[in-house]
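First the structure, then my questions, so here it is.
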Amino acid sequence: MTRMLDTDDETVTRAKLVGLGRFNLIVGLLHLAQAAAMFALSNDLSFPITASFLTGDPVMTRGVPTPEVVFELPIGPTVASFLLLAAVDHLLMATQPVRQWYEANLRQGMNIARWVEYAISASVMLILIATLSGIWDLAAVIGLFAANSAMILFGWLQEKDHQPGGDLTAFWFGTVIGLVPWLAIGAYLLAGNDPPGFVYGIFVSLFVLFSSFGVNQWLQYRQVGRWRDYLFGERAYIVLSLVAKSLLAWQIFANVLRS
């Protein structure tokens with residue numbers, strides 16, 4: 001179920017949509033510049049993604065498989081990738097004919113492109129946080145990526161099927177599944193052998209920012225204050241995305257990639 005923007009003044013709405021177009025252009029260029037900087041400035045650091053494959057009958061041998069490296073995850077290019085994904089998303093939303101489609105969706109109280117981009121870029125960000133915390137197993141990485149993507153897709157369903165003030169089942173399902181990766185990462189941090197302080201800083205700061213996206217949607221659907229205007233919530237999403245991606249990128253650069 002979709003909805004039209006709650007406004008009686010088409011001139012005001014049109015002005016806000018034009019402003020969002022400019023804002024997407026500016027934010028897209030900022031993401032693009034940061035992605036280019038990450039490609040240029042980062043080193044060749046990579047983390048091994050491992051897996052323990054069976055080498056025989058697990059019942060008969062009862063042996064523990066030896067982990068082997070499946071591939072190396074290059075940290076610098078991976079950081080640049082989520083910045084680049086965001087840049088492409090925002091620049092497309094600022095460019096015709098995609099901008100016309102984007103504005104038509106906003107008038108119905110939804111932004112499909114946002115959820116598609118987040119499902120990939122935010123999940124890549126989460127995997128980086130996980131690997132910094134010592135989670136290198138291939139199955140764990142796939143599961144964490146999938147859980148985070150599922151959380152975001154629940155957000156898409158909430159926006160697609162429900163009006164503000166209505167049912168929040170999809171939102172709460174997404175909240176529950178979205179907490180799972182953070183619980184796993186937190187468990188590894190607590191059980192680790194003296195992880196460096198910057199890893200805790202990344203964990204806490206990004207958990208707060210990731211949670212802020214959910215708070216933004218909840219405020220939209222409970223029609224709190226300025227969030228009664230869907231376009232205000234859209235601008236908040238854009239700001240949160242810029243802050244979260246920039247903060248993670250430069251925290252990793254300052255503590256890991258600069259050396």
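The values are calculated or read from the model by the stated rules, or taken from the named source; none is laboratory data. Worth saying up front: this structure is predicted, and the values here are computed from it rather than measured. All Cβ positions, glycine included, derive from the backbone under ideal geometry; neighbour counts span all protein chains shown. The area values use the complete protein model at the heavy-atom level, side chains included, leaving out ligands, DNA and RNA. Shrake-Rupley method; radii C 1.70, N 1.55, O 1.52, S 1.80 Å.
Pick from Leu84, Leu20: which is open to solvent by 40 Å² or more (accessible area, probe 1.4 Å) and in a helix (DSSP H, G or I)?
None of the others qualify; the one that does is Leu84.
Still on this model: Within the stretch 155-164, track down each residue that is without any contact (Cβ under 8 Å) to a residue 60 or more places away in the chain and open to solvent by less than 60 Å² (accessible area, probe 1.4 Å).
The answer is Glu159, and nothing else.
On to the next question. Given the residues Thr95, Thr78, which is the only one that is over 22 Å from Ala146 (Cβ atoms) and among the hydroxyl-bearing types (Ser, Thr, Tyr)?
The match here is Thr95.
If you don't mind, there's one more thing I want to ask. So, in the stretch 200-227, of the ones that are within 18 Å of the chain's Cα centre (by Cα) and among the aliphatic types (A, V, I, L, M), which residue ends up nearest to Gln108 (Cα to Cα)?
It comes out as Val215.
Each row is one residue, and each column tells you yes or no for (1) closer than 22 Å to Ser241 by Cβ; (2) β-branched (Val, Ile, Thr).
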site: Val27; (1), (2): yes, yes
site: Phe47; (1), (2): no, no
site: Gly56; (1), (2): no, no
site: Gly76; (1), (2): yes, no
site: Val88; (1), (2): yes, yes
site: Met93; (1), (2): yes, no
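Tell me which residues, restricted to the stretch 238-259, are of a type in the set (Ser, Thr, Tyr) and surrounded by 18 or more Cβ atoms within 10 Å (Cβ to Cβ).
Ser241
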